[in-house]
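Throughout, read-outs are computed from the coordinates displayed, never taken from laboratory work. This one's a predicted model, so the numbers in the text were calculated from it and none came from an experiment. For neighbour counting, all protein chains shown are included, and Cβ atoms are generated from backbone atoms with ideal geometry for every residue, glycine included.
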Amino acid sequence: MLATIPLSDVEKDAIKRRRIEANDPITLREVGKDYYRERDYEKALQHWSRAAKLGDADAHYCLTILYLEGLGVEKDEKKRLYHLEEASIGGHLVARRNLTYQMAGLRGRDAEAVEFLKEVHEMGQEYEMGAFGIDVCDAAVRGYQAAVDATKSRRGR
């Protein structure tokens with residue numbers, strides 16, 4: 001069994017700096033979260049933007065918060081949706097759920113919302129988070145599908 005040697009704060013900071021210089025997206029994201037907790041939103045934005053460019057789904061999701069609330073940036077719905085979609089594509093379950101709700105409120109994206117809702121439901125996200133019981137998720141999927149089907153049948157007339 002290997003013994004671990006406790007690191008000093010100076011050593012930890014040096015490792016963190018090296019990871020940032022190496023463009024490690026996880027370190028960039030976590031340092032961004034530290035800045036966010038300290039209410040230094042501009043530095044959080046810088047670190048999360050770098051991590052997002054490197055494909056970090058959680059960093060994309062973190063950016064949605066800044067653009068939604070206008071923290072360190074101008075409120076920007078287009079950028080918020082972009083980062084929400086990127087986080088969802090990257091597998092971020094909360095982003096996928098939020099995007100599903102967003103799409104459900106947008107005309108013309110009903111079919112896409114149904115597919116996302118089905119995926120979220122299949123992953124158990126709503127149930128796991130305690131937001132809904134499994135029966136409510138089933139009913140929601142059926143309801144959205146019925147709405148899409150009704151829309152398609154009206155268009156076909």
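Dipole of region 1-58 computed with +1 at Lys/Arg Cβ and -1 at Asp/Glu Cβ about the Cα centre; of LEU7, THR27, LEU45, farthest Cα towards the positive end is LEU45.
For region 9-91, give the magnitude of the charge dipole about the Cα centre (Cβ charges: +1 Lys/Arg, -1 Asp/Glu; no others), in debye to the nearest 20. Write down the numbers at each step before the final one.
On the way: 16 positive and 18 negative charges, 20 e Å.
Using only the charged Cβ atoms, the result is roughly 100 debye.
Could you list, in their original order, any pairs among LYS33/LYS79; LYS53/LYS79; LYS78/LYS152 whose Cα atoms are separated by more than 24 Å? Mind showing how you got there, number by number?
Numbers: LYS33/LYS79 19 Å; LYS53/LYS79 14 Å; LYS78/LYS152 28 Å.
Among LYS33/LYS79; LYS53/LYS79; LYS78/LYS152, the Cα-Cα distance tops 24 Å for LYS78/LYS152.
Highest mean packing comes first when the peptides 37-49, 53-65, 12-24 are listed by Cβ atoms within 10 Å, giving 53-65, 37-49, 12-24.
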